[in-house]
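Following: one structure in structure tokens, then a few remarks.
The values are calculated or read from the model by the stated rules, or taken from the named source; none is laboratory data. What you see is a predicted model, and the numbers here were worked out from it, not measured in a lab. Positions of Cβ are generated from backbone atoms using ideal geometry, with glycine treated the same way; all protein chains shown enter the neighbour counts. Heavy atoms of the whole protein, side chains included, go into the accessibility calculation; ligands, DNA and RNA do not. Shrake-Rupley method; radii C 1.70, N 1.55, O 1.52, S 1.80 Å.
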Amino acid sequence: LVAFGQVISLIGSGLTSFALGVWVYQQTGSALDLGLIWLFVGLPGLLAAPIAGAVTDRYDRRWVMIGSDTAAAVGTLALAALLWSGNLQLWHIYIVVSISSIAASFQQPAYIAAIAQIVPKPYLGQANGIAQLGRAAGVLLAPLLGGVLVLTIGLHGIVLIDVITFLFAVTVLLAVRFPPTLFRKREEPLLQEVVGGWRYVLKRPSLLAMIGFFLVLNFLQSGIRVLITPLILAFDSAALLGSVTSAQGLGLLLGGLGMGIWGGTRRRAEGMIGFTLLFGVSTVVIGLRPTAIFPIVGMLGIGIATAFINAHWQALIQTKVGLELQGRVIATNDMLSWSLMPLGFVLAGALADHVFEPFIGGGSSLATAVGAIIGTGA
């Protein structure tokens, strides 16, 4: 029931993200502006992560999820009000996505830790696969619907749908009870709990190695989020962009189903690292040629790889870390491993606008050789 509620909410959030990306790029034509949007999607949540992890371990995780969903809904309502009044500007979007980012920093560790609270340990691999299905549904359905809805009901209607899906997710959480097991009453100050989470991570070289692994991976893949929209819109329409993004959702769905049936490798780190190879190859495929098949196949592979990587990582944390510490460890891991992504968002947009696109059109012998492989033009 919880996973189903999150599916509906993620579809609404995905619709808004898709529509906002199209709206911003159509208004500005700048990949750098899209990168700045992603900067505000990521940075506030990173800064809030240590507090979010401590709150997740201190209070009922169900209420943490309810609070985060409610805060995100309030931000979306503000966006709707600005749209309907005709006053929406780019800096308004920065504020709204920042609110959503902070809300997500609380919701993510609470949801992952709640899975371990609800599901017996032998089934954590399968349960995390099912949780990935929720994300997959959002990524798969939102762009397919978004490509049509942008043309029919516009950003106004899409934002309203997003608010309704938030309310649905909150209603489900209000109706479901989480088992009150494996919890200890917190007697130390909140700041001390935050520090305790950091100490736990810093004392464990294996956790630090995993964080370093994801730090590099997340930095390198941050460009995909920024550049996929201008890449597709440079040679085709928002409808194809919806299909390409949905291919990632289909990959997430297939990967989630596979993980739900299989349960993953016995040594979780092997599965986590192994599927990174598929992620890297798929990333290369996206940019090979400016035709639909390459980004669709590439995003499909990225979706499959992401589902398996995330499910293995979550099962690893849920198995090795005590339930009373999971919120802080997950949040600390997220903060450190995502810390370079805001830089990657801005860097990807700036490099695309001011370095690589001018280079490809410059007419040099190297540009001609590269262009013969990946194409030329916008």
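Data for the structure
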item: Accessible surface, the chain, averaged per residue in Å² (probe 1.4 Å); result: 44 Å²
item: Charge dipole (the chain, unit charges on Cβ, about Cα centre) - positive-most of Ala234, Ile11, Ala80; result: Ile11
item: Solution diffusion estimate, µm²/s, Stokes-Einstein, segment 24-85, Kirkwood Rh from C-alpha pairs, 37 °C, viscosity 0.692 mPa s; result: 234 µm²/s
item: Excluding exposed DSSP-loop trypsin sites (Lys or Arg not before Pro) (at most 16 other C-beta within 10 Å), longest clean stretch of the chain; result: 1-176
item: Overall dimensions of segment 1-124 by Cα: Rg and Dmax, Å; result: 16.1, 53
item: Most positive-pole-ward Cα, Gly157, Val281, Val355, against dipole of the chain from beta carbon charges; result: Val281
item: Accessible-area value, Ile118, 1.4 Å probe, nucleic acids and ligands omitted, Å²; result: 80 Å²
item: Radius, Kirkwood style, for the chain when every pair of distinct Cα atoms is counted (Å); result: 21.2 Å
item: Theoretical FRET efficiency, 1/(1+(r/R0)^6), r = Cβ-Cβ of Ala367 and Leu220, R0 25 Å, to 0.05; result: 0.60
item: Solvent-accessible area, 1.4 Å probe, carbon plus sulfur percent, for segment 203-357; result: 72 percent
item: Nearest-10 value in Å² for the accessible area of Ile232, using the 1.4 Å probe; result: 0 Å²
item: Dipole in debye (nearest 20) - segment 53-159, about Cα centre, beta carbon charges: Lys, Arg +1; Asp, Glu -1; result: 200 debye
item: Folded to 0 to 90 degrees: helix 365-374 orientation relative to the chain principal axis, Cα; result: 60 degrees
item: Largest-first principal axis extents, alpha carbons of segment 185-299, Å; result: 57, 32, 26
item: Solvent-accessible area, 1.4 Å probe, carbon plus sulfur percent, for segment 1-137; result: 70 percent
